[in-house]
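Peer 1: Here you go, one structure.
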Amino acid sequence: MEPITYYNRNTGKIETEQVYGEGFLKWAYGNPLGKLALFSFVKRPFFSKWYGRRMDNPDTKKKVGPFIDDYGMKESDFIDSADSYKTFNEFFYRKLKPEARPIHDAAIVFPADGRHLGFENAEDVEGVFIKGQKWDLKKLIANNELYEKFKGGSLVLSRLCPVDYHRYHFPAAGKAGDTKMINGPLFSVSPIALRQNLSYMWQNKRTRTVLETSDHGDVLIMEIGATCVGSIHQTYKAGEQVEKGAEKGYFAFGGSSTITIFQPGKVKLAEDLLEHSSQQQELYALMGDRMGDRMGE
């Protein structure tokens, strides 16, 4: 399998992803025996719940230091010291100092650290991760009324790896509605898996929240579950006004994704995001970085 590369907005360079659990992913999604195990139990929620509970065991505390060293993480960004985390999962969904993720003054910002793909028309997306496969927005949203509202609008996929900061935030200010859970299996959302089948994105367990804004219409925010994601936690209060960049929730152990969908004609996505996405290459940027502007600006 080809290495996973992305454009890092901060360094201006093409970089290669250091994949956590790469050997297992290649076996599960590329080996016949691995695929048998994948469909027998790995994709099933009980497997991820079991793994998530393992990461809550106090014995996993010893994994924190080596993980930080192996992936060159910046401890000075953490609110708490590395020694203070009682389990690996507690470290995994750590909080960061506010100054570590400043919120850009752009109209909309990235909701999470990660590798991002952005498209002007959510229904005209194809060839992502693998040629010949096209997004099925209707199945992803799983609600006819919302589908009619957002079809033809812009879409941003933000993919988080296990090494990333795993709290997700609101991309704009507004009134946040309830979160609706859509049940499903838990396939990996790593490109290693998505190169085999893009539909894992709209098969997986996922959540759906509508953010009502004054300048960008309604914004649909989704969190996508994945293998070994213990759970998706919402920390905001539904029905209240939220600020741009305010915390919405967090993923427990595992890599996952968020998806942000805008109504047609409401936003203009950042030029570098569109440029690299048109080349089927993800753009790495941090939570709070510029994602786009109001249409016409």
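The values are calculated or read from the model by the stated rules, or taken from the named source; none is laboratory data. Keep in mind it's a predicted model, so treat the numbers as computed, not measured. Cβ atoms come from the backbone with ideal geometry, glycine included; neighbour counts cover every protein chain shown.
Peer 1: Filter region 208-249 for residues that are under 14 Å from the mean Cα position of the chain (by Cα), at pLDDT 95 or above and among the hydroxyl-bearing types (Ser, Thr, Tyr) and give the result.
Peer 2: none
Peer 1: Out of all the residues in region 238-249, is one or more in contact with a Pro (Cβ under 6 Å, 6 or more places away or on another chain) and on the phi < 0 side of the Ramachandran plot?
Peer 2: Checked region 238-249: no residue is in contact with a Pro (Cβ under 6 Å, 6 or more places away or on another chain) and on the phi < 0 side of the Ramachandran plot.
For every residue, the table says whether it meets (1) at pLDDT below 95; (2) over 22 Å from Gln18 (Cβ atoms).
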position: Phe91; (1), (2): yes, no
position: Ala107; (1), (2): yes, yes
position: Phe119; (1), (2): yes, yes
position: Tyr168; (1), (2): no, no
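Peer 1: Let me ask something else about it. What are the residues in region 208-218 that are in contact (Cβ under 8 Å) with a residue 60 or more places away in the chain and in a strand (DSSP E or B), if any?
Peer 2: Of everything in region 208-218, those that are in contact (Cβ under 8 Å) with a residue 60 or more places away in the chain and in a strand (DSSP E or B) turn out to be Arg208, Val210, Asp218.
Peer 1: Okay, next question. Looking at region 141-166, which of the residues that are part of a loop (DSSP other than H, G, I, E, B) and in contact with a strand residue (DSSP E or B) (Cβ under 8 Å, 6 or more places away or on another chain) is modelled with the lowest pLDDT?
Peer 2: Per the criteria, the residue is Cys161.
Peer 1: Quick one: is Leu38 at pLDDT below 75, surrounded by 10 or more Cβ atoms within 10 Å (Cβ to Cβ) and aliphatic (A, V, I, L, M)?
Peer 2: In short, yes.
Peer 1: Still on this structure, please answer the following. Output the residues belonging to region 94-132 that are among the aromatic types (Phe, Trp, Tyr) and either assigned to a strand (DSSP E or B) or outside the structural domain of Gln196 (by TED's automatic domain parsing) (or both).
Peer 2: Phe119 - this is the single residue of region 94-132 that is among the aromatic types (Phe, Trp, Tyr) and either assigned to a strand (DSSP E or B) or outside the structural domain of Gln196 (by TED's automatic domain parsing) (or both).
Peer 1: For a quick check of your reading: which strands (runs of 3 or more DSSP E) sit entirely within region 254-297 and have at least 2 residues that are surrounded by fewer than 22 Cβ atoms within 10 Å (Cβ to Cβ) and either of a type in the set (D, E, K, R) or touching a Pro at 6+ places or on another chain (Cβ under 9 Å) (or both)?
Peer 2: 290-294
Peer 1: Would you check which residues across region 166-192 are touching a helix residue (DSSP H, G or I) at 6+ places or on another chain (Cβ under 8 Å) and either β-branched (Val, Ile, Thr) or surrounded by fewer than 23 Cβ atoms within 10 Å (Cβ to Cβ) (or both) and list them?
Peer 2: Within region 166-192, Gly184, Pro185, Val189, Ile192 qualify.
Peer 1: Give region 254-297 a look and list any residue that's acidic (Asp, Glu), closer than 13 Å to Phe119 by Cα and touching a strand residue (DSSP E or B) at 6+ places or on another chain (Cβ under 7 Å), or say none.
Peer 2: Asp272, Glu282
Peer 1: Output the residues belonging to region 82-110 that are more than 25 Å from Ile261 (Cβ to Cβ) and among the β-branched types (Val, Ile, Thr).
Peer 2: Selection gives Thr87 alone.
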